[in-house]
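The values are calculated or read from the model by the stated rules, or taken from the named source; none is laboratory data. From a predicted model like this one, the values you see are computed outputs, not experimental measurements. Every residue, glycine among them, receives a Cβ derived from its backbone with ideal geometry; neighbour counts consider all protein chains shown. For the accessible areas, the whole protein counts, side chains as well, though only heavy atoms, and no ligand, DNA or RNA atoms are used. Shrake-Rupley method; radii C 1.70, N 1.55, O 1.52, S 1.80 Å.
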Amino acid sequence: MAIGDQQDVGVEPTISPPSSVEIRAQLERIRLSAEFDAPDRDRKFLAYVIEETLAGRGDRIKAYSIATEVFGRDSSFDPQTDPAVRIEAGRIRRALERYYLVAGRSDPIVIRMPKGAYVPTFERRAEKQPAPVRESGMPPSEAAPVGWRHRRRILLGAAALVCGLTGLSAGLLLLSGDNSTAASRPNIPKVIVTPFEDISGTRQSAMMAQGLTDEVVSNLAKFKEIVPITVSDPLRTPADQTYALEGRVRLEAERLRLVVRLIQRSDGAVVWANTYDERLQSGDVIDQQARTAAAVSSAVAEPYGAIFQASVAELRRSVPEGWQAYACSLTYYDHRGDIDPQSRRSAEECLQRATRQFPTYATAWALLSMSYIDALSNGLDPSASAGLLEQAGEAAAHAVDLAPFDVRALEAQMLVLFARGEVDAALAVGARALAINPNDTELAGAYGLRLSQSGQWDAGCKLLSDATERNLGQTGVFEGALASCAYFAGDYVAAERWARLANPGANPADRVLLLAILGKLGKTDQAREERKWFETNAPALFGDLGQAIALQFHRPEDQHRLFDGLRAAGVAVPEAEYQQAGTTSAIR
């Protein structure tokens, strides 16, 4: 099975396979392109697997060999517990997808890395066929899709929100809490799902197309940030902030291919497209169909997914009347974890105004609660911490009362309970939310982190690594959590790598962990620089270090292990707190 490889680019693998010279030329074309959005380590990763395959050593390409020969990991690397290679492979697949959607649309050779393996495939592009006419009558768009991770800050920068009053920022700051004529519900994006087209024309393929359509709609409905609509003619609905999801199903023998694309109806731009391949097995067709539909809905509708990315770009240009509240939710996600208190407060105040204007908007209440928890976790301003947890609890309670089955409301409730130290109750809520929508990687990551911090490291870290691999745009939070996983597994080299990827400059909690990691690795000079950062930017944090750590790690033995690393990094951990954590750990 290979779910989510890349857009169907029209290849003919059976005609004149590409030569080694052509493949290497194509690799160089990809690596030099600005549209191949991947860091140097992933470019080396791709070059390595291609050269090994061309040399006839494809059977040697395993997670272990990639980790040791490309990433420089030592022989202790365990691919079962360390997801580094899987996550980087996912990033390469997404970077290839974007490249072939934009710069590589006419390239003669198509390089893929099928999901579930690291051995690349090489195919020659078929002769270009005339562009099909869509059922809706709209011409196919030549517009490039919205970029992913590295463009979030460009599209919705903190400076624009804090310092400027143009574009999205102006629209947000004009949102009034005294608008008595406002509608009871805010505008949120609508997704028109047209029946997926059966291009094989058999009874089985027709059933599969209908089944996939139904499954996708059902899964989209679990994401409350959007509204899925099922119509046969999308032209009958308004185009403003509306998207159309189209799919084509091809069934040949035991091979199923679903090609989907998301169209922004205001201008016809293709903002996202993907191909999903399944090798059908007898007795497992329904489950395989469900997995494919789940992957589609998650990529489209989750926070940081395709609709989020397209909406950020659209609302950055201007915020239409009635869309300010939705824009506030986008602002929260874009600025979460920002170290600048003014930036965080601007997003928080925007959500406060949204809840005043739309008191029944559960998503705004949930995100407002989460913003208070973020401020509490950052701990940069101890004087502002009083009452934050109470405010977070009240906002989460509002969200759950309004929408008891809304995953975002339940996520907020879970975070509040965990911050209060009610760990069992928090995990129960998290498990219930995940059962409602297992395809929401934002929720899965948050729940996995709390499982880990409660001491269930194996289950929590597995959930975290899966969420990180599937999430399209989340940065920092998941990587910081995986740094914790590696630290408490005793793999301090991997822990430092994840901590660096997490951009610890944005979150003091990540920097505390990085400091402990540096202590364990004996990197005293770097640890000294980190201590200077705290002296300048958060001098009060070390004054109440025990409370800050206890807020995250509830087991005394985990607190004690973190204290060990901090002591090795030169941090003056109070002896009473260190001994208390160690004594309680020994008793347990």
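The figures follow:
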| quantity | calculated |
| --- | --- |
| Boolean, Ala399 is farther than 15 Å from Leu449 by Cβ, assigned to a helix (DSSP H, G or I), open to solvent by less than 10 Å² (accessible area, probe 1.4 Å) and touching a Lys or Arg at 6+ places or on another chain (Cβ under 8 Å) | yes |
| Selected residue (criterion: farthest from Leu464 (Cα to Cα)) from residues of the range 91-120 that are in a strand (DSSP E or B) and open to solvent by less than 10 Å² (accessible area, probe 1.4 Å) | Ile109 |
| Residue selected from the range 56-85 under the condition open to solvent by less than 60 Å² (accessible area, probe 1.4 Å), in contact with a helix residue (DSSP H, G or I) (Cβ under 7 Å, 6 or more places away or on another chain) and assigned to a helix (DSSP H, G or I), by the criterion farthest from Ala489 (Cα to Cα) | Gly58 |
| Test: residue in the range 519-526 that is surrounded by fewer than 17 Cβ atoms within 10 Å (Cβ to Cβ), closer than 17 Å to Tyr492 by Cα and of a type in the set (Val, Ile, Thr) | yes |
| Exclusive hit being open to solvent by 10 Å² or more (accessible area, probe 1.4 Å), in contact with a strand residue (DSSP E or B) (Cβ under 8 Å, 6 or more places away or on another chain) and over 26 Å from Asp466 (Cβ atoms), set Glu314, Glu321 | Glu314 |
| Qualifying residue in the range 339-346 (condition: under 23 Å from the mean Cα position of the chain (by Cα) and not in a helix (DSSP H, G or I)) | yes |
| Residue check, Ala489 open to solvent by less than 60 Å² (accessible area, probe 1.4 Å) and modelled with pLDDT of 90 or more | no |
| Residues that are part of a loop (DSSP other than H, G, I, E, B) and either over 25 Å from the mean Cα position of the chain (by Cα) or among the polar types (S, T, N, Q) (or both), drawn from the range 183-214 | Ala183, Ser184, Arg185, Asn187, Thr194, Pro195, Phe196, Ile199, Ser200, Gly201, Thr202 |
| The one condition in (1) open to solvent by 20 Å² or more (accessible area, probe 1.4 Å); (2) in contact (Cβ under 8 Å) with a residue 12 or more places away in the chain; (3) among the aliphatic types (A, V, I, L, M) that Ala435 fails to fulfil | (2) |
| Subset of the range 30-45 [at pLDDT 90 or above and within 18 Å of Pro108 (Cβ to Cβ)] | Ile30 |
| Conditions (1) among the aliphatic types (A, V, I, L, M); (2) modelled with pLDDT under 85; (3) part of a helix (DSSP H, G or I); number of the one not met by Val319 | (3) |
| Test for Gln391: is it open to solvent by 10 Å² or more (accessible area, probe 1.4 Å), at pLDDT below 95 and within 26 Å of Trp533 (Cβ to Cβ) | no |
| From the options Ala366, Ala397, residue that is under 21 Å from Leu220 (Cα atoms) and of a type in the set (Gly, Ala, Ser) | Ala366 |
| Among the residues listed as Gly421, Gly460, Gly393, Gly430, the single one being under 16 Å from Arg555 (Cα atoms) and either in contact with a strand residue (DSSP E or B) (Cβ under 6 Å, 6 or more places away or on another chain) or assigned to a helix (DSSP H, G or I) (or both) | Gly460 |
| Residue list for the range 39-55, filter: of a type in the set (A, V, I, L, M, F, W, C) and not in a helix (DSSP H, G or I) | Ala55 |
| Where Glu88 falls short, out of the listed (1) under 22 Å from Thr292 (Cα atoms); (2) outside any helix (DSSP H, G or I) | (2) |
